[in-house]
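Structure first, commentary second.
The values are calculated or read from the model by the stated rules, or taken from the named source; none is laboratory data. In this text the structure is predicted, and so the values were computed from the model without any measurement. For neighbour counting, all protein chains shown are included, and Cβ atoms are generated from backbone atoms with ideal geometry for every residue, glycine included. Side chains included, ligands, DNA and RNA excluded: accessible areas come from the protein's heavy atoms. Shrake-Rupley method; radii C 1.70, N 1.55, O 1.52, S 1.80 Å.
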Amino acid sequence: MDERYDVVVVGGGAAGLNGALMLGRSRRSVLVVDAGEPRNAPAAAIHGLLGREGMAPADLLARGRAEVAGYGVTLATGSVVDISREHEGFVVRCSDARSVAARRLLITTGVVDELPEIDGLRAQWGTGVLHCPYCHGWEARDQAIGVLATGPMSIHQALLFRQLSDDVVFFTHGSDPTPESRDTLAAVGIGVVDGTVAAVEAADGRVSGVRLGDGTVVARKHLVVASRPVARADFLRGLGLELVEHPSGAGQHLPVDGMGRTEAAGVWAAGNVTEPFAQVGAAAAAGAFAAAQINADLVFEQTRLAVAAARTEPAHH
C-alpha cells in the first residue's frame with residue numbers, strides 16, 4: 001500500500017473540494033483523486049453562486065485546490081479504477097497503478113451528459129446549446145431560442161425559457177406533443193415546429209440556426225436541450241453499488257440517504273453523482289455536509305474503541 005488516509009475523496013469538483021476542505025479543517029488526512037474532467041468545463045462562467053457570480057469554472061477549482069492544500073489535503077490527478085474492502089477500510093486503486101488505503105470514502109465524481117446525436121450539437125454544448133435557465137438564461141435573454149424535445153423535461157424547459165425571451169419555438173423532433181401540451185405552448189406564445197432536427201448550424205463559432213430533416217433552417221441563437229445525465233460510478237461495482245434511475249426519469253444517479261450515505265457502509269456521496277440537477281453551490285454544500293458526517297463517524301468510531309479499551313483494562317489498586 002502506497003499511502004493510508006482517513007478519507008479518500010474521488011472527484012475534485014465543487015462537491016469534492018468542499019468536502020475535502022471540511023475534512024482538512026477537521027485535521028483529517030485526506031486524498032483527493034481528480035480526473036480533471038469537470039462537467040461544466042465548456043461553460044464560460046458560473047452563475048447563480050453568490051460571491052462568485054461570473055467566475056470561470058476553472059478559476060473556482062484552482063482557488064479551491066489552493067485552499068484545501070493549505071489544510072494539508074493531498075491532491076492527485078488521475079482516476080479511480082476499482083475500490084475493494086480490506087479489513088476495516090478500503091483499497092482504492094488508481095489509474096496510475098498505485099493503491100491507497102482509506103478508512104472512509106466520499107464519492108463526488110459527477111455525471112456525464114448524454115446528448116442527442118445531432119450534427120453540430122455537442123460542439124456547442126455549454127455555449128450556444130444550453131440546458132438550464134438558471135445557469136445560462138440571463139445570457140440568452142431577449143434572443144431567438146429553440147427548445148428541442150428530448151423527453152419529459154422539454155415542455156418544462158420551454159416554459160422556463162419563455163420567461164426570458166418573447167421568441168421561443170419548440171422543435172418536436174419526431175415526438176408528438178399531446179393536444180394539451182400544444183395548447184399550453186400556444187397560450188404562452190411558444191411556436192411549435194414539427195419535423196426532425198438534422199443539425200445545429202453555426203456561424204463564427206456561434207449557433208445560427210436549426211436545420212430540419214427537409215432542409216428548412218430556422219434561425220436561432222440558442223438551442224435548449226435536456227441531456228441525460230449518467231453518474232460516473234462504474235468503479236463502485238466492487239462495493240455492490242449500482243446506479244438507479246433518477247426520480248425525475250431523466251438519467252441515472254447514485255442514491256444516498258439524508259446524511260449522504262450510500263448503501264455501502266463507510267461510503268458517502270455528494271454533488272451531481274447523487275443529484276444531477278444540483279448547481280455548483282448546491283453541490284459544494286452537499287460535499288461539505290457529507291464530509292461533516294464522515295468526520296463525525298470517525299470520531300464516534302474512535303470514541304467507541306477508547307471506551308471499549310478502558311473497560312477491558314485491569315483495575316489498579
- [ ] Give the Rg (one decimal place) followed by the Dmax (whole number) of segment 235-317, computed from C-alpha coordinates and expressed in Å.
- [x] 18.0, 68
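How much of the accessible area of the chain, probe 1.4 Å, is carbon plus sulfur, in whole percent?
53
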TODO: Would you mind computing, in nm to one decimal, how far apart the modelled labels at ASP82 and VAL217 are, each placed 7 Å from Cα along Cα→Cβ?
DONE: 5.2
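Can you list the GluC sites (Glu not before Pro) in segment 202-300 that are in a DSSP coil and have 13 or fewer other beta carbons within 10 angstrom?
GLU242, GLU263
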Open item on the list: Let's test this: bin the Cα-Cα distances of the chain at 20 Å from zero up to the farthest pair and state each bin's percent.
Closed with: 30, 47, 20, 3, 0
Open item on the list: Loop-only trypsin sites (Lys or Arg not before Pro) in segment 193-289, please: DSSP not H, G, I, E or B, and at most 11 other Cβ atoms within 10 Å.
Closed with: none
Open item on the list: Just to be sure I understand: if I project the alpha-carbon convex hull of segment 16-140 onto a plane and average over all orientations, what area do I get in nm²?
Closed with: 9.7
- [ ] Before anything else, pin down the relative contact order of the chain: Cα pairs under 8 Å, at least 6 apart, normalised by residue count, whole percent.
- [x] 21
TODO: Starting from the Cα gyration tensor of segment 1-73, take the square roots of the eigenvalues, sort them a ≥ b ≥ c, and report rounded, prolate or oblate (rounded when a/c is under 1.5, otherwise prolate if a/b is larger than b/c, else oblate).
DONE: prolate
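Taking R0 as 22 Å, what FRET efficiency do you get between ALA296 and VAL244 from their Cβ-Cβ distance, rounded to the nearest 0.05? Kindly include the intermediate steps, with their values, before the conclusion.
Working: r = 27 Å, r/R0 = 1.21.
Efficiency for this residue pair is about 0.25.
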Task: GLN143 versus THR196: modelled label distance in nm, points set 7 Å from Cα along the beta carbon direction - done: 2.9
- [ ] Any chance you could check the Cα centroid distance between segment 298-313 and segment 227-257 for me, in angstrom?
- [x] 36
TODO: Could you work out how far apart the two model spin labels at SER99 and GLU67 are, taking each label as a point 7 Å from the Cα in the direction of the beta carbon, and quote it in nm?
DONE: 3.5
TODO: Can you tell me the FRET efficiency between THR312 and ALA285 if r is taken as the Cβ-Cβ distance and R0 is 51 Å, rounded to the nearest 0.05?
DONE: 0.75
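Residues with beta-carbon under 11 Å from that of ARG206, excluding ARG206: net charge, scoring Lys, Arg +1 and Asp, Glu -1?
Summing Lys/Arg as +1 and Asp/Glu as -1 gives 0.
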